[in-house]
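Just so it is clear, none of the values below were taken in a lab; they were calculated from the coordinates. Small disclaimer: the values here were computed from a predicted structure and weren't measured. No Cβ is skipped: glycine too gets one built from the backbone with ideal geometry, and neighbour counts run over all protein chains shown.
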Amino acid sequence: MEKMKMHSRDLTQDNVTRIRELFPSCVTEAMSEDGAVKLTVDFDQLRQELADSIVEGPQERYHLSWPGKREALLTANAPIAKTLRPCREESVDFDTTRNLFIEGDNLDALKLLQETYLSKVKMIYIDPPYNTGNDFIYEDDFAEDIDSYFERSNQRDANGGQLVANVETNGRFHSDWLNMIYSRVKLARNLLREDGVMFISIGDDEQANLKRLCDEIFGSQNFLGCACRVSKKANNQGEFWAPNFDYVLTYAKNKGACPGFFGGVNYDAYDQVDAEGPRAGEKYQLVRLYMTSLDPMRGCTNQRYYIEAPDGTLLIPPGNIFPELKEEGASIPPKTGEDKVWRWGKETFFSEKERIVVKKVRSSNLVDSNGGEVKWNVFTKTYLNDVINNSTAKPNSLIEEHINQNSSHELGQLGIPFSFAKPSSLIRFLCEISKVGTDDVVVDFFAGSGSTAHAVLDLNAATGSKIKFVLVQLPEVLDFDDKNHKSGYLFCKKHGLPTTIAELAKERVRRAGKKVKHDNAEHPDIDKLDIGFRVLKIDVSNMAEVYYAPDSLQRENLDLFVDNIKPDCTPEDLLFQVMLDWGVDLTLPLVKHVIQGKDVFFVDGNVLTACFDSSGSIDEVFVKELAKHQPLRAVFRDAGFKDSAVKINVEQIFKLLSPSTEVKCI
């Protein structure tokens, strides 16, 4: 039976495989230091394949380069033996929610999510730390002292003399920041769908470098534009200009597959929901079928006709002439500007009659078949989804409505102290213009205070969508002596929370969910709104070192590793590592059943079944019972089998009773 690899994808080998498909002659086999045979690229041959002249050595080309770039790329592609550990006590609606909050370094998180969310994310929004020339928390292995930087970047000669001016600041902080962001954006691009979009908020210090970096990762042809967001209406800081805006860089995974941006809509106007019929559950607003501003003399030959009210009254716009036939649909062309008409022609009225609503009103501008006053009016249903899908209006690249003061106000309402957060209205606006729809996934791997989650909850409540969010936030420790951290530190202490930004974010999302539900209490489906999130924490693998290198185990130590799983791991810990390894959606519902005295996890019905029993009592009778459920995937623990004969027969049993099941062990 095949064993699961239980570590993140080796992106280097994935890339080599892709190159082999395009240029077979450029990939060969080589022996690694541990004796394993791996595919490797003949780069000289590859350069020649891509050149139209003889390649003799490095040639100058237009590109963005900085010290450490190759190390950053290597780091992005290298696999890690880590996992995501579930934390029920910090989650909200753990068993039913489709949202994720991942605590840990976002570089690790992006690697771990490569299987599960590869090409599945509609929108990514990030607000990375702006580079102000100070140290920042995401240091990876790239941050270095100034002397090391000068030597590596060739800014000193062999005798230690300076080769460039302003050496104390030249390049070092830009290089550190670029190394940090490069690997993360590169991995993030893999998660986007073909029609997916990435928005990045950035300030003046790195905007130019970030654009060139993203041009390289996404391809300059997939650049969708750079918007300016007004961050402050009034500001007197700055030495020359008083800065009051930042930028939103925008890239598509594939510009050709990305729909045009949507210019916006007043969601509050769509205040009704179809209760039945083919568009049940969709939001709409009522628009009058007769409007006084419509000119009746421009080709309106079939737009003056009767519509029947529920009491039999024939309704028609005001005028001087009326159809002779007294029945719905009877029509007459207008003769003068006094003979008013409907917005729809008669053919459209009958073909779209399910969208017609005739309501009693206090005052109507319609008349009956004799020209008398009526208490009825005729409306058409205008569906929100149709407006979004058919609109040709584009959003303005100067974003003026979503200033930082809005964020301070909403955080104040929630009682959450946090500095420099983006307003959730900005991220909701970006979701709207990029046409994020129901069941789509929105990712933010610099989550900060959780503004993205708040935006998704607001948008779902307003539109009835079921957009899902994935947040990633480092548990950066709040410093009591830092003026920007002090209030957050005191808040966490007061509420018995660990003093980290991740804890502030989780509490903000909890409170935002409750507030969104309270503010939309009158909505008939508000109880169905998913305001929960599953907390997963990045941790070391559940597998002992011997699992990854069994050949290195000495014979005298065999008894120490009868089980290759660390003793402190719970079955649910193992389940999530298996889901990661298999690329199974980490938000699917989980159910635990007892079969023949053993706990068995069922993920979303039959997507995955897992039994991590380690008692050594799994026999063929149990395996046959499990196979009857016909899961798509099944996984067992090595130490759980009664003997080697049972383990050998597992695959045969499934082939007989559930031939489509993929079976593995850990």
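For mean projected area of the Cα convex hull in nm², the value computed from the atomic coordinates appears in the list (1) 43.4; (2) 46.4; (3) 38.6 under label (1). A straight line joining the Cα centroids of segment 306-369 and segment 215-250 runs 53 Å. Can you list the residues, at least 5 places off or on another chain, whose amide H is less than 5 Å from the amide H of V443, using H built in the peptide plane? Close amide H contacts, sequence-distant or interchain: M123, I124, Y125, V470. Among the listed pairs K394/K517; K381/K514; K3/K253; K468/K664; K5/K186, those whose Cα-Cα separation exceeds 27 Å are K394/K517; K381/K514; K3/K253; K468/K664.
Proximity of backbone amide H atoms, modeled 1.01 Å from N, is registered between G196 and K253, N254 at under 5 Å, excluding neighbours fewer than 5 places apart on the same chain.
What is the helix-to-structure angle for 172-191, meaning the angle in degrees between its Cα long axis and the longest Cα principal axis of the chain, kept from 0 to 90 and rounded to the nearest 10? Helix 172-191 sits roughly 70 degrees off the main axis of the chain. Normalising the average separation of contacting C-alpha pairs (under 8 angstrom, six or more residues apart) by the number of residues puts the relative contact order of the chain at 17 percent. Peptides 462-475, 117-130 ranked from most to least packed, by the mean per-residue count of other Cβ atoms within 10 Å: 462-475, 117-130.
Please sort 569-576, 38-45 by packing, taking for each peptide the average over its residues of neighbouring beta carbons within 10 angstrom, highest first. Intermediate results must be reported in sequence, preceding the final value.
On the way: 569-576: 18.1, 38-45: 14.0.
Ranked from most to least packed, the peptides come out as 569-576, 38-45.
Restricting to the chain, compute how many DSSP beta bridges are antiparallel as a %, nearest 5. Within the chain, antiparallel bridges account for around 65 percent of the total. Using C-alpha pairs below 8 Å separated by at least 6 residues, the relative contact order for segment 303-452 is 16 percent.
Quick one: net charge around M291, please, counting Lys, Arg +1 and Asp, Glu -1 for every other residue with C-beta under 11 Å from its C-beta.
Numbers: positive: R288, K340, R343; negative: D295.
Once all neighbours under 11 Å are counted, the net charge is +2.
Each of the peptides 98-110, 477-489 was scored by the mean count of other Cβ atoms within 10 Å over its residues; in descending order, highest first, they stand as 98-110, 477-489.
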